[in-house]
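I have placed the structure first, in the form of structure tokens, so that the comments after it can refer back to it.
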Amino acid sequence: MDSYHYLFTIFLFFMLGQHLLVDGLGCNWGTQASHPLPPDIIVKLMKDNRFNKVKLFEADPGAMRALGRSGIQVMVGIPNDMLAGIASSVRVAEEWVAQNVSYYLSRQGVDIRYVAVGNEPFLKTYNNRFTQITFPALQNIQAALIKAGLGRDVKATVPLNADVYQSDSGVPSGGNFRPDIHDLMVSIVKFLNDNGAPLTINIYPFLSLYADPHFPIDFAFFDGAASPVVDGSITYTNVFDANYDTLISALEKNGFPSMPIIVGEVGWPTDGDRNANNQLARRFNQGLLDRINQGRGTPKRPTPPDIYLFSLIDEDAKSIDPGNFERHWGVFYFDGTIKYPLNLGAGRNLTAAKGVRYLARQWCIMAPDANLLDPNLPQSINFACTYADCTSLGPGSSCGGLDARANASYAFNMYYQTMNQRAGACEQFHNLSIITRIDPGFHGGSCKYEIMIDNGRHEQARNPGTSSAGNMPTSVVLWAVTLALIIVCGHMN
């Protein structure tokens, strides 16, 4: 090989390496946060980190406008609570497509590639609430896309949880669709296939570990440290490959061996459980990125699918019904700061969000002279954690090892920050709290005493009269009461 061809080959290899990640990785952008980052900062964060695809759970106007002419491909979602109306009327579907697809494509330059009809609608925990309406909603959205002249360029799909298939034999080759929805799944897959649309599936190795204390932890990761699972001539060294190929077997058994697949969600949380931390999240996500950059698929599908990492940033207002970890799936913290290093390929590392503005550098903590045996303390902590996110205080979480006073300080401060440090917010706790300008987290460790984003200083569209704190759910009341009692009882012991 002469020097010219040698240099050209090296250049070509370099350029392919530079763009390999761009061609294969997306992210999920959720907006259930008390203090969301401005959409323009989020879009810049994605571009800086070479996410060229994004999945939205709804057509949030601010997010959609920010994505206009960004070069990022968009999968825009329809929430489950809208499925009934869309399923009942093609006109409703046409109106939704006109307002949320046609408009943003033509007027805002948003590169919409997919419409996600619902989100994991067949979860067993929904007790068949969406079972009968998801397919009609998918059909009506597809009809609306065709009528709008978008049938070739925008595809309708349904993001499904991996519980829609199973293996009675315990190995991937035994894969088939869940018996109670088998015929429905075959109908949906056939409809998607007929319209040139992919099947979208969400795979969560973390949940395998969370649900089963005897699950072999190394099998959740990609580094080959686990004892393999042998399925005939195929050996599986991680649960992602085994799970994905169980779906492939299900598709093959039902006549769809070449059905295209998108992995709509996959990731690892960093808090809210003993197995949710930065170290394990880095181990999982780095292994995932390495596979994508190497172009590696699974034994039954050697070519990797499009993958949307879950998630881009933390969301402190998500429901914690599945577990406290639900608010901590982000590769980045709520403010776009980096949780842990990741090698994105081609020598690139994660880049933090730029231009983020914060509230004043001050915290609300338990007063030094306040008594831990004060009878108002449990109800004060309960009040704080009802309106703010205290999931980091749970057992095995990043702040789970704090002493009683630090626990109370964390709860008070989360409430104070969630309420935008407004006057009187630190005075809600029966004279048990004070404001300090000394970071209470100075002692080090994994626990962070947050200062919230100052949304008022960012230029973004906001709904008049809406308090950001009003977005916080009240589902943590009983958990907060329990935490308060643990703190007091722990002190007394």
Note to self: Among (1) open to solvent by less than 10 Å² (accessible area, probe 1.4 Å); (2) under 20 Å from Val331 (Cβ atoms); (3) of a type in the set (Ser, Thr, Tyr), there is one condition Ser249 misses while meeting the rest; what is its number?
What the structure shows: (2)
Check: If you check Ala197 against the conditions, is it open to solvent by less than 50 Å² (accessible area, probe 1.4 Å), part of a loop (DSSP other than H, G, I, E, B) and free of Cβ contacts under 8 Å to residues at least 24 places away in the same chain?
Finding: no
Item checked: Residue tally, condition surrounded by fewer than 17 Cβ atoms within 10 Å (Cβ to Cβ), touching a Pro at 6+ places or on another chain (Cβ under 9 Å) and of a type outside the set (Lys, Arg), over the range 111-165 -> 2
Check: What about Ser70, is it open to solvent by less than 20 Å² (accessible area, probe 1.4 Å), at pLDDT 95 or above, over 27 Å from Ser319 (Cβ atoms) and not in a helix (DSSP H, G or I)?
Finding: yes
Checklist line | Given (1) under 27 Å from Gly30 (Cα atoms); (2) in contact with a helix residue (DSSP H, G or I) (Cβ under 8 Å, 6 or more places away or on another chain); (3) charged (D, E, K, R); (4) open to solvent by 50 Å² or more (accessible area, probe 1.4 Å), number of the condition Asp271 does not satisfy | finding: (4)
Notebook entry, point to check: Can you pull out the residues in the range 266-303 that are within 16 Å of the chain's Cα centre (by Cα) and β-branched (Val, Ile, Thr)?
Noted result: Val266, Thr270
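Tell me the residue from Phe325, Phe310, Phe334, Phe284 that is in contact (Cβ under 8 Å) with a residue 24 or more places away in the chain and out of contact with any Asp or Glu (no Cβ under 8 Å at 6 or more places or on another chain), please. Don't jump to the end; show me each part of the working.
On the way: Phe325 fails: out of contact with any Asp or Glu (no Cβ under 8 Å at 6 or more places or on another chain); Phe310 fails: out of contact with any Asp or Glu (no Cβ under 8 Å at 6 or more places or on another chain); Phe334 fails: out of contact with any Asp or Glu (no Cβ under 8 Å at 6 or more places or on another chain).
Phe284 is the lone residue from the list that is in contact (Cβ under 8 Å) with a residue 24 or more places away in the chain and out of contact with any Asp or Glu (no Cβ under 8 Å at 6 or more places or on another chain).
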Notebook entry, point to check: What number of residues in the range 294-306 are touching a helix residue (DSSP H, G or I) at 6+ places or on another chain (Cβ under 9 Å) and surrounded by fewer than 22 Cβ atoms within 10 Å (Cβ to Cβ)?
Noted result: 9
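Every residue, every condition in (1) outside the structural domain of Ala317 (by the TED database); (2) over 30 Å from Tyr210 (Cβ atoms); (3) loosely packed, with under 14 Cβ neighbours inside 10 Å, yes or no:
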| residue | (1), (2), (3) |
| --- | --- |
| Leu372 | yes, yes, no |
| Gln379 | yes, yes, no |
| Phe383 | yes, no, no |
| Ser397 | yes, no, no |
| Ala408 | yes, no, no |
| Met414 | yes, no, no |
| Asn431 | yes, yes, yes |
| Gly441 | yes, no, no |
| Lys448 | yes, no, no |
Next item on the list: Of the numbered conditions (1) surrounded by fewer than 21 Cβ atoms within 10 Å (Cβ to Cβ); (2) in a loop (DSSP other than H, G, I, E, B), Glu326 fails exactly one; give the number of that condition.
Entry: (2)
Margin query: Pairs please, first residue from the range 104-118 and in contact (Cβ under 8 Å) with a residue 40 or more places away in the chain, second anywhere and exposed (fewer than 15 other Cβ atoms within 10 Å of the Cβ), Cβ atoms under 7 Å, 6+ apart in sequence or on different chains.
Written below: Gly109/Arg69
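Open to solvent by 40 Å² or more (accessible area, probe 1.4 Å), free of Cβ contacts under 8 Å to residues at least 12 places away in the same chain, farther than 28 Å from Glu326 by Cα and out of contact with any strand residue (DSSP E or B) (no Cβ under 7 Å at 6 or more places or on another chain), is that true of Asp180?
Values: open to solvent by 40 Å² or more (accessible area, probe 1.4 Å): yes; free of Cβ contacts under 8 Å to residues at least 12 places away in the same chain: yes; farther than 28 Å from Glu326 by Cα: no; out of contact with any strand residue (DSSP E or B) (no Cβ under 7 Å at 6 or more places or on another chain): yes.
Judged against the criteria, Asp180 is not a match.
The values are calculated or read from the model by the stated rules, or taken from the named source; none is laboratory data. Because the structure is predicted, anything quoted here is derived from the model rather than measured. Counting neighbours? That spans all protein chains shown, and the Cβs are built from the backbone with ideal geometry, glycine included. Accessible surface is based on the protein model in full, side chains and every heavy atom, while ligands, DNA and RNA are left aside. Shrake-Rupley method; radii C 1.70, N 1.55, O 1.52, S 1.80 Å.
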